[in-house]
Amino acid sequence: MRKQHVAGGMLAAALIFAAPASAQNTTGAAQTVKVGIARSLASVATHIAIEKGYFREVGINVEIQDLDSSADAMAILAQGGLNIIEGGVSAGYFNALDKKLPLTIVSDRTSSPIGHKLLVRNDLKDKIKSIADLKGRVTTTNGPGSIATYETAKILESAGLTIKDVDLRVMPFPNLAVAFENKAIDAALAILPWSVQLPDKGMAFEFLDVDDVVKPSPIQIAVNILNTDWAAKNKDLAQRYFIAYQRGVRDYCQAYHHGPNRKEVIDIAVKTGAERRPEFLNTFPWPGRDVASKPMTASILDAQAWFRNNGLTRADLPVERLVDTSYVDQANSKLGPFELQNKASKLPSCR
C-alpha cells in the first residue's frame, strides 16, 4: 500500500466557509485519522474535503493509504493500522463481524444508480436474448466474495438460474477487453468505466442494467467502514471527521448534478488520482450515492443473506450490528439541510 500524508487543503477555505462551532477542534494540535482508500471516482468526496481544507478546519490531518481492495485491508482496520476504510461490500466484511472484530459500516459510498452493466459478446447477440440463455455460458466476476458475484447471482436468480448454472471465471475488470476480443468469455458484469467503454469500442453490447434487475434497490456496493474500538476512544475526533467528510459529499453531489463546482471537482479528481481521465469525467455517468450518506440497509442485509446461503460466510447479524448511522446523522444535523444548486437536474441520485 502506498502511503500519502495530506494536511487537509487550503487555509482560504476556512475564511470562506467556517465549520460549525461545535465541530471545531479544541485540542490545539491537528489529530491524524488513517484512512484506507481504493481510489476511484467514489473516493473523490474525501479528496474534496482534503483539498478544500474541510478536515483542516476541524483540526484533522488525514493520512491516506491506497488499497488494492477493501477485503485486503479488513484485518489491518480491525488491528488499528487504519481507522476507516472506503471500499466495497464483500463477504469479507460479514466474515469479520462474525469473528467479532471491531468494525461497522458507517456511511454510504456508492449506491444506485451504480453504472454496472451485464455485457455480452457482440457475436452472441442472436443467441443470448434472455437471462435464461446465459445457462452454461462463460461469465466473470472480480472475486468469489465480491459484490459483483452477488449482483451476477441475483441477475441469474431473476430467471430461475443459480450461480452454478454458469461457468464463472475470476477476472480483473481491466482484462475484460482482451477476453471479449479473444472470445474467452461470453458475458461479464462490468463496472464503470468498462461498462461504457467496451460497448463503445464494439467489443460487447449492453445486455442489461444491473439496477433494473437486482432487488432490493437501491443497491449498496461501496461503503465506509469504521474501527469501532478506535471510534469509542476518539468519539469527538470521529464525529469531526464525518462533519468534514459530509461537506465533501455535498460538494460531490452538487458537481454530480452539474452544479457550478463541477469543473473544480473534476480538477480535484484528476489531481488526486481519484480519476485521472478528464474525458471520462466529462462524458460518462458518475457513481450515485446518498447525499446524507445513509447506508442502504435492505441491500446490505440481502447481500449478507446471499453470501451466507452460498457458503461464503456464516454471518447472520442484525442490521444494528452491520450498520451505525450515528456519525453521519450527527454530521448532517450540524451542517443543516442540503439544497441542490442546479434545481433543473433530473439525475436520480445524490439527493
Report task. Name the single residue, out of those in the range 48-86 being on the phi > 0 side of the Ramachandran plot and in contact (Cβ under 8 Å) with a residue 60 or more places away in the chain, that is surrounded by the most Cβ atoms within 10 Å (Cβ to Cβ). Result -> GLY59
Query raised in the report: Pairs, please: C-beta under 8 Å, at least 6 apart or cross-chain, first residue under 25 Å from PRO144 (Cβ atoms) and in the range 182-206, second of a type in the set (Phe, Trp, Tyr) and part of a loop (DSSP other than H, G, I, E, B)?
Result: LEU192/PHE284; PRO193/PHE284
**Report entry** Failed item in (1) in a helix (DSSP H, G or I); (2) out of contact with any His (no Cβ under 6 Å at 6 or more places or on another chain), with ILE268 passing the rest
**Finding:** (2)
**Report entry** Tally, over the range 231-253, of residues that are over 16 Å from TYR327 (Cα atoms) and surrounded by 24 or more Cβ atoms within 10 Å (Cβ to Cβ)
**Finding:** 2
Query raised in the report: Going through the range 27-46 one residue at a time, which ones are polar (S, T, N, Q), crowded, with 23+ Cβ neighbours inside 10 Å and in contact with a helix residue (DSSP H, G or I) (Cβ under 7 Å, 6 or more places away or on another chain)?
Result: THR46
**Report entry** Candidates ASN261, ASN309 - the one that is surrounded by 15 or more Cβ atoms within 10 Å (Cβ to Cβ), farther than 15 Å from ALA42 by Cα, in the same structural domain as ILE37 (by TED's automatic domain parsing) and at pLDDT 95 or above
**Finding:** ASN261
Query - Residue tally, condition touching a strand residue (DSSP E or B) at 6+ places or on another chain (Cβ under 8 Å), assigned to a helix (DSSP H, G or I) and either more than 25 Å from ARG39 (Cα to Cα) or not small (Gly, Ala, Ser) (or both), over the range 271-316 - result: 2
Query raised in the report: Which residue pairs have Cβ atoms under 8 Å apart, sit 6 or more places apart or on different chains, and have a first residue in the range 334-351 that is surrounded by 13 or more Cβ atoms within 10 Å (Cβ to Cβ) and a second that is among the aromatic types (Phe, Trp, Tyr) and outside any loop (DSSP other than H, G, I, E, B)?
Result: LEU347/TYR256; SER349/TYR256; CYS350/TYR252; CYS350/TYR256
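The values are calculated or read from the model by the stated rules, or taken from the named source; none is laboratory data. Since the model is a prediction, treat every value here as computed from it, not as a measurement. Positions of Cβ are backbone-derived with ideal geometry, glycine not excepted, and every protein chain shown enters the neighbour counts.
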